[in-house]
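Colleague: Below: one structure in structure tokens.
The values are calculated or read from the model by the stated rules, or taken from the named source; none is laboratory data. Because the structure is a prediction, the values reported are computed rather than measured. Don't worry about glycine lacking a Cβ; one is built from the backbone with ideal geometry, like all the others, and counts go over all protein chains shown. Keep in mind that these areas ignore ligands, DNA and RNA; they rest on the heavy atoms of the full protein, side chains included. Shrake-Rupley method; radii C 1.70, N 1.55, O 1.52, S 1.80 Å.
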Amino acid sequence: MKKLPGIFNDVIGPVMRGPSSSHTAASWRIARIALDILNEPLKQALIEFDHNGAWAPNYREQGTTMGFDGGLSGLEITDERMKSASSYALQKGIVVEYLVSTFPADHPNTARLTLRGMSGKTVQIIAVSLGGGSFEIRSVNEFPVRLNGDLYGVIIFTRNKKDITDELKRQVPPGVGFSSGQQDDRIKYEFKSSHPFPPDLMSLLQKHPVIDDTAVINPIMPVIAGRETEMPFTTISSLLAYAGEKDADLGDLGLIYEKCISGNSAEELNARMMEIIHIIHSSIGKGLKGTQYADRILPQQSHLIRKAEKEDRIRESVVNRIIENVSALMESKSAMEVIVAAPTAGSCGTLGGTLKAISDNIGSSDEELVKAYFAAGIVGAYFAQGPGFSAEEHGCQVECGAASGMAAAGMVQLMGGNAKQAIDAASMAIQNMIGLICDPVADRVEVPCLGKNISAAVNAYASAIMSVSGYDAVIPLDQVIQTVSVVGKTMPSCVRCTGKGGLAVTETALKIKNKLGEL
Ligand code: SF4
């Protein structure tokens, strides 16, 4: 059965520092799992990017090196020291080198890591970033694997030793997956589980005469896989039918969806969402106070809206608050402060900025705000089942476009609309963002990203108003999401986050890039 995306694992989150979730958060997560696989202190790492891939031209500017350096040094991604992760790695005596080279890769965001530990042991890993901080480790020491950071794992490699597959199979406890594979004189044994491994199994592996190195992999995603329960709806139309039967709104359905994905209780999930909301509001507060970061195109601008209101140049309005909040979130992101990717770091302003503005405007309670985030989350989960959130594959329509649909649904929920109105608002909002290219100036996620987040947010607000007022979305959300995938496939690679097309190659953009390169 195909694994369904989760709201916390794939849509709202990660909580992170860095300009881009597909670059910084995914590379940090890959690095942390890679350290577990190496299973000894790291001395040296070589990180290679495929020369035909999307990471090759901009891995430094978009924060991939920040993610790898921080992860390989053992830093948490929210640690203040992530801002200078490469210096921290050097201080710890870890040498991390980066290289653009050629190796087989079937995804634009592929990296090959070769880690050398203190004892001279080496591990080679091929991993891909799937957008929004999700990733997959696809090979370890040339053995195919599938590691997404949402399970406990044990990996054992032996060379020139007898095959103990049958013996290990007999020892595998219920609920633990086991596989093995052989290449020449090398054998890989792999265990996977939704729960920590029983001490009996670990002690058997550690004492076994044929095994001399047992790498234990700890999950890195917020929600552990394999604890799913049956979902009462599948498609968007079955979700709407269920909403009608149960008189449930989209916030209720988002919570039910995440309960079924995670096996967690409603109380746990509501508390986790409230934590996320607090982080988003704190990022807005930090942005409005003013943020500094040297390697940045834009100065602080989020304060200019209030200033213009005070000077009677513009009238106060909820749209002003949306613009101000979205700007503050984007400024926090560009200053490497802690933010929540929703669904990506590049589009982190849209959802949080709109939901705070509308909830402040109408005086929503915390519970209502939590429900609005679950309503937004389930729209994102359906989007993730379609094209996903990788701008390197589908352009900005899957970052700001997806965020706009999520925000529209969340706002309808806050306004007291029903599930159909929330889904229709998401449909309308995404319809208006189809075809949006990804062309960040100087490979920084600022220009035109700030404007795109603001237009996605205001578009979401308009779509929410239209839907609650009774406008017809005409095209159902599932067909709109499918269209995003189809259009993404026709988009040339120069406008899919490679910095080789769109505004990124204007005369002004090239001047900015040269200027920042001199810093
Ligand atoms: S243009 Fe859109 S997709 Fe591209 S970096 Fe900016 S926000 Fe992300």
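Colleague: Let a ≥ b ≥ c be the square roots of the eigenvalues of the Cα gyration tensor of the range 139-221; is it rounded (a/c under 1.5), or, if not, prolate (a/b larger than b/c) or oblate?
Modeller: Because a/c hits 1.5 or more and a/b fails to exceed b/c, the range 139-221 counts as oblate.
Colleague: Run through every distinct alpha carbon pair of the chain and return the Kirkwood hydrodynamic radius in angstroms, one decimal place.
Modeller: In the chain this quantity evaluates to 23.6 Å.
Colleague: Hey, what do the phi angles of the range 15-20 turn into as Karplus ³J(HN,Hα) couplings, whole Hz, using 6.51/-1.76/1.60 and θ = phi - 60°, x for Gly and Pro?
Modeller: Calculated HN-Hα couplings, in order: 7, 7, 10, x, x, 8 Hz.
Colleague: Please give the peptides 199-205, 396-402, 273-279 ranked by average Cβ packing (other Cβ atoms within 10 Å per residue), highest first, as a rough proxy for protection.
Modeller: Output ranking for 199-205, 396-402, 273-279: 396-402, 273-279, 199-205.
Colleague: First measure r as the distance between the Cβ atoms of Tyr471 and Gln301, then evaluate 1/(1 + (r/R0)^6) with R0 = 25 Å and state the FRET efficiency to the nearest 0.05.
Modeller: 0.20
Colleague: Roughly what % antiparallel, to the nearest 5, for the DSSP beta bridges in the range 1-129?
Modeller: 65 percent
Colleague: Another one. Bin by bin, in steps of 10 Å, what percent of the Cα pairs in the range 297-407 do you find, going until the bin that has the longest distance?
Modeller: Distribution as computed: 14, 40, 34, 11, 1 percent.
Colleague: Taking the solvent-accessible surface of protein heavy atoms with a 1.4 Å probe, what is the per residue accessible area of the range 364-519 in Å²?
Modeller: 36 Å²
Colleague: In nm, what is the difference between 0.36 nm times the number of residues separating Lys92 and Asp166 and their Cα-Cα distance?
Modeller: Taking 0.36 nm per residue and subtracting the Cα distance, the gain is 22.4 nm.
Colleague: A further question follows. For Lys162, go through the lysines and keep the ones whose alpha-carbon is under 27 Å away, minus same-chain ones fewer than eight residues off.
Modeller: Lys121, Lys188, Lys192, Lys207
Colleague: From the phi angles alone, apply the Karplus equation (6.51, -1.76, 1.60; θ = phi - 60°) to the range 246-257 and give each ³J(HN,Hα) in whole Hz, x where the residue is Gly or Pro.
Modeller: Values, residue by residue: 9, 6, 9, 9, 5, x, 4, 5, x, 5, 4, 4 Hz.
Colleague: Determine the distance separating the Cα centre of the range 171-187 from the Cα centre of the range 315-341; give it in Å without decimals.
Modeller: First find each Cα centre; the distance between them is then 49 Å.
Colleague: Taking amide H atoms as placed 1.01 Å from N in the peptide plane, list the residues 5 or more away in sequence, or in a different chain, whose amide H sits under 5 Å from that of Val145.
Modeller: Ser139, Val140
Colleague: Let me ask another. Just from its helices, what would the mean residue ellipticity at 222 nm be for the chain, if runs of 4 or more DSSP H residues each count -39500 (n - 2.57) and the sum is divided by every residue, rounded to the nearest 500 deg cm²/dmol?
Modeller: Roughly -14000 deg cm²/dmol at 222 nm, from the helical runs in the chain.
Colleague: Percent of accessible area on the chain owned by carbon and sulfur, 1.4 Å probe?
Modeller: 51 percent
Colleague: Still on this model: Give the separation of the Cα centroids, the range 96-167 to the range 431-498, in Å.
Modeller: 34 Å
Colleague: Let me check something: with ligands and nucleic acids excluded, how do Glu80, Glu392 order by accessible area (1.4 Å probe), largest to smallest?
Modeller: Greatest to least solvent exposure: Glu80, Glu392.
Colleague: Could you give the accessible area per residue of the range 46-170, probe 1.4 Å, as a whole number in Å²?
Modeller: 42 Å²
Colleague: Can you count the Lys pairs in the range 269-419 whose Cα atoms are under 15 Å apart, with each pair 8 or more apart or on different chains?
Modeller: 5
Colleague: So how much slack lies between Asn514 and Asp79, counting 0.36 nm per residue of separation and subtracting their Cα-Cα distance, in nm?
Modeller: Gain on stretching Asn514 to Asp79: 153.6 nm.
Colleague: Now for a different question. If R0 is 22 Å, what FRET efficiency do you get for Gln124 and Gln206 from their C-beta distance, rounded to 0.05?
Modeller: Between Gln124 and Gln206 the formula returns 0.35.
Colleague: Would you kindly derive the ³J(HN,Hα) couplings of the range 118-135 from the backbone phi angles with the Karplus curve 6.51 cos²θ - 1.76 cosθ + 1.60 (θ = phi - 60°), listing them in order in whole Hz, with x for Gly and Pro?
Modeller: Result, ordered by residue: 4, 7, x, 5, 10, 9, 10, 10, 10, 9, 10, 9, 9, x, x, x, 6, 8 Hz.
Colleague: Cα-based count: Lys pairs in the range 386-513 below 24 Å, eight or more positions apart or different chains?
Modeller: The result is 7.
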